[in-house]
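The values are calculated or read from the model by the stated rules, or taken from the named source; none is laboratory data. Everything numeric in this text was worked out from a predicted model, so none of it was measured. Positions of Cβ are generated from backbone atoms using ideal geometry, with glycine treated the same way; all protein chains shown enter the neighbour counts. Heads up: the accessible areas ignore ligands, DNA and RNA and are worked out on the full protein's heavy atoms, side chains in. Shrake-Rupley method; radii C 1.70, N 1.55, O 1.52, S 1.80 Å.
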There are 2 protein chains.
Amino acid sequence: MNRIEQYIRDIQDFPKNGILFKDIAPLLQDHKGLSACLSELKAMVPDGQIDKVIGIESRGFLFGTMLAKRLQSGFVLARKPGKLPYKTIAQSYALEYGEDAIEMHIDAIQKGDRVLVHDDVLATGGTAQAVCKLVETLGGEVVQCNFIMELKALNGREKLLDYDVQCVLSY
Amino acid sequence: MNRIEQYIRDIQDFPKNGILFKDIAPLLQDHKGLSACLSELKAMVPDGQIDKVIGIESRGFLFGTMLAKRLQSGFVLARKPGKLPYKTIAQSYALEYGEDAIEMHIDAIQKGDRVLVHDDVLATGGTAQAVCKLVETLGGEVVQCNFIMELKALNGREKLLDYDVQCVLSY
């Protein structure tokens, strides 16, 4: 077992029946776990300056800011519609039924910024793909998308074929 | 002007008419700002081991995890009802009209834990007070409540008279 995996708690039927939820709360609650996971995420990042780390609402904020601190980068919030106070740019993406959207501030990325996109879980990949499009619309370059874990059955990597995708854990 | 204050952006009429919102996005986006704010928050924390830092959903997650990393503490999420997957304990608090509640996992705090409660803004203080009650119900000790900024007109400190309250900025 990977040293991070021991801190992940399985929750049956959350958020709805038939879903096995992977809870990262025990990983965060133990400083050894938090620190080890941050080190593994950091070790995946390619050499070279990272100008911005983007954290996807809201569990992507958790390790996203720590990664930004460690990489000496700025941190950018990607949020659900209506949550960001300043002028925003939005990108919609498909859900199983219907669609949703994700927003960033229009001044979050500068032309030429080298950007790391981070979230806790890579599921269908729709949100991360939408965030990558926003980065590119603003003139940035996505250097990597990294995640604590991927849920392989949901094929999220297929939406992110244009990018370097790294995950600490794979289920 | 405080070196942190230069990174705070005023947004008129967000989230609704008549509210002047203090946006921390520019502070996060600039590594110098992020790093300086973290240092100021860290400098406020009393000596002695901090076992857990609690971040209040969702902007409290941003500096909360970085503080936990810096203080060599575990990190705990305080979330709105229904968001945490494991067994929870809840505390309700009054709003201007009606009430809301905040939850933590029942295993988030161990008896005797020395705890730092963190959020971005101290407004009415209701949420932070509810989180402090949860900490105490679980047998922990609130060592400090700290915030990036307080909105003095809302008198949040009156709800937190039992605690050490520290804020980097005051409006």
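Quick notes on this structure:
- Residues located in the range A:93-110, provided they are surrounded by 22 or more Cβ atoms within 10 Å (Cβ to Cβ) and touching a helix residue (DSSP H, G or I) at 6+ places or on another chain (Cβ under 7 Å): A:Ile102, A:Met104, A:His105, A:Ala108, A:Ile109
- Inclusion of B:Tyr86 among residues that are at the interface with chain A (Cβ under 9 Å from one of its Cβ atoms) and over 18 Å from the mean Cα position of the chain (by Cα) is warranted.
- Scanning the range B:71-83 for residues that are under 16 Å from the mean Cα position of the chain (by Cα) and among the charged types (D, E, K, R) yields B:Arg79, B:Lys80.
- Residue within the range A:63-85 that is touching a residue at least 60 places away in the same chain (Cβ under 8 Å) and charged (D, E, K, R) present: no
- If you go through the range A:7-50 and keep only what is more than 10 Å from every other protein chain (Cβ to nearest Cβ) and either of a type in the set (Ser, Thr, Tyr) or without any contact (Cβ under 8 Å) to a residue 12 or more places away in the chain (or both), you end up with A:Tyr7, A:Lys16, A:Asn17, A:Gly18, A:Leu20, A:Ser39, A:Ala43, A:Asp47.
- Selection status of A:Ala128, within 17 Å of A:Gly64 (Cβ to Cβ) and either open to solvent by less than 50 Å² (accessible area, probe 1.4 Å) or out of contact with any His (no Cβ under 7 Å at 6 or more places or on another chain) (or both): yes
- The one condition in (1) under 19 Å from B:Tyr163 (Cα atoms); (2) in a strand (DSSP E or B); (3) touching a helix residue (DSSP H, G or I) at 6+ places or on another chain (Cβ under 8 Å); (4) touching a residue at least 40 places away in the same chain (Cβ under 8 Å) that B:Val142 fails to fulfil: (4)
- Per the listing B:Met104, B:Met66, the residue uniquely over 30 Å from A:Lys16 (Cα atoms), of a type outside the set (D, E, K, R) and modelled with pLDDT of 95 or more is B:Met66.
- Residue count, the range A:1-41 (criterion: part of a strand (DSSP E or B), surrounded by 14 or more Cβ atoms within 10 Å (Cβ to Cβ) and of a type in the set (A, V, I, L, M, F, W, C)): 2
- Residue check for A:Gly55: on the phi > 0 side of the Ramachandran plot, open to solvent by less than 60 Å² (accessible area, probe 1.4 Å) and at pLDDT 95 or above: no
- Residues within the range A:131-142 that are among the hydrophobic types (A, V, I, L, M, F, W, C) and surrounded by fewer than 21 Cβ atoms within 10 Å (Cβ to Cβ), tallied: 1
- Among the residues making up the range A:64-83, those that are facing chain B (nearest Cβ under 7 Å) and either surrounded by fewer than 20 Cβ atoms within 10 Å (Cβ to Cβ) or not basic (Lys, Arg) (or both) are A:Thr65, A:Met66, A:Ala68, A:Gln72, A:Ser73, A:Gly74, A:Phe75, A:Val76, A:Leu77.
- Out of B:Leu122, B:Leu154, B:Leu160, sole residue that is within 15 Å of the chain's Cα centre (by Cα) and surrounded by fewer than 21 Cβ atoms within 10 Å (Cβ to Cβ): B:Leu160
- Any hit, the range B:18-34, residues being under 25 Å from B:Ile102 (Cα atoms), of a type in the set (Gly, Ala, Ser) and touching a Gly at 6+ places or on another chain (Cβ under 7 Å): no
- The single condition among (1) touching a Leu at 6+ places or on another chain (Cβ under 8 Å); (2) closer than 19 Å to A:Met44 by Cα; (3) of a type in the set (A, V, I, L, M) that A:Val115 does not satisfy is (1).
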